[in-house]
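J.: Below: one structure in C-alpha cells.
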Amino acid sequence: MSRIGKKPIKIPAGVKIAVQGEQVTVTGPKGELKRSFSPDMVISQAEGMLTVARPSDAKNHRALHGLTRTLLANMVDGVTNGFDKYLDIVGVGFRAEQKGTDLALRLGFSHIVTLKPLPGITLKAETPNRIKVSGINRETVGEMAAEIRAIKPPDAYKGKGIRYAGERIQLKAGKAGKAIGKK
C-alpha cells in the first residue's frame, strides 16, 4: 500500500473543496485551483479531512494513488500559503531589475532579456542578485523558475549564471596542462 496515498489531508479553515466526479476545485484565501484527476481514484471529503482511495492493487492504480494525494495536498497548501522559489544571479555585472510586473535581466548578453511572468505567477527582484518567483500553483512556480534558470545556467568552470538558491555547483578544474609550458 502507498504510505503517502493513505495519509489524509487536513483541510485548513477558510478552504473550500468541491469534488465533482474527476474535477476537483480548491478555493482559499490566496485564490482558486482546478484540476482533473483519474476517474479511477476515489476522492472523498469528511470531517475536515480529504482522503484518496484506489479501487485495486493494479500497477497503474498504485502509481496514481500517491500522486493524486500529493497533487491535492499541494493544491490545498497553495491556496492557503502559496509557494516561493528563489534564484541567485552570480557574475560580475549580472543583475535583475523590476519593470512593472516584468523582469529585466542583464546577463552578459548583447541585449537585456525581458521576462513576462506566466499567468498566476509573480516575479520580484528582491535584490539585484536575487529573484523571487511566487504563486499558488506549485507546478507553475517550478516551471517559471526553470525557464529563468535556462536563460543562463551556471557554467562549469567559474559558476557564473543563474542558479536556484542553495544549489551547489560542482566546478571543473580547468586546463591544468596549460601551466606546464612549451618545450
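J.: Right, ASN74: part of a helix (DSSP H, G or I) and without any contact (Cβ under 8 Å) to a residue 40 or more places away in the chain or not?
T.: no
J.: Residue check, ALA63 against (1) loosely packed, with under 15 Cβ neighbours inside 10 Å; (2) part of a strand (DSSP E or B); (3) within 25 Å of the chain's Cα centre (by Cα), all met but one. Which one?
T.: (2)
J.: Shifting gears a bit: Can you confirm whether region 46-57 contains a residue that is outside any helix (DSSP H, G or I), of a type in the set (Asp, Glu) and at pLDDT 95 or above?
T.: No: region 46-57 contains no residue that is outside any helix (DSSP H, G or I), of a type in the set (Asp, Glu) and at pLDDT 95 or above.
J.: Starting from residues that are β-branched (Val, Ile, Thr) and touching a Lys or Arg at 6+ places or on another chain (Cβ under 9 Å), keep the ones in region 128-146 and report whichever is surrounded by the fewest Cβ atoms within 10 Å (Cβ to Cβ).
T.: Looking at the filtered set, the residue picked out is VAL141.
J.: Determine whether ILE4 is of a type in the set (A, V, I, L, M), in contact (Cβ under 8 Å) with a residue 12 or more places away in the chain and touching a Gly at 6+ places or on another chain (Cβ under 8 Å).
T.: Yes, satisfied.
J.: Still on this model: Name the single residue, out of those in region 1-26 being charged (D, E, K, R) and not in a helix (DSSP H, G or I), that is nearest to ILE136 (Cα to Cα).
T.: Looking at residues that are charged (D, E, K, R) and not in a helix (DSSP H, G or I), I get LYS16.
J.: Here's a follow-up. Hey, could you check region 124-146 for residues that are in contact with a Pro (Cβ under 9 Å, 6 or more places away or on another chain) and touching a residue at least 24 places away in the same chain (Cβ under 8 Å) and say which is nearest to GLN98 (Cα to Cα)?
T.: By that ranking, first place goes to VAL133.
J.: State which residue is farthest from LYS16 (Cα to Cα) when the search covers only region 77-118 and only residues that are of a type in the set (S, T, N, Q) and without any contact (Cβ under 8 Å) to a residue 40 or more places away in the chain.
T.: SER110
J.: So, one more: Here is a list: ARG149, ARG163. Which entry is touching a residue at least 24 places away in the same chain (Cβ under 8 Å), surrounded by 16 or more Cβ atoms within 10 Å (Cβ to Cβ) and out of contact with any Pro (no Cβ under 6 Å at 6 or more places or on another chain)?
T.: Going through ARG149, ARG163 in turn, the sole match is ARG149.
The values are calculated or read from the model by the stated rules, or taken from the named source; none is laboratory data. Worth saying up front: this structure is predicted, and the values here are computed from it rather than measured. Cβ atoms come from the backbone with ideal geometry, glycine included; neighbour counts cover every protein chain shown.
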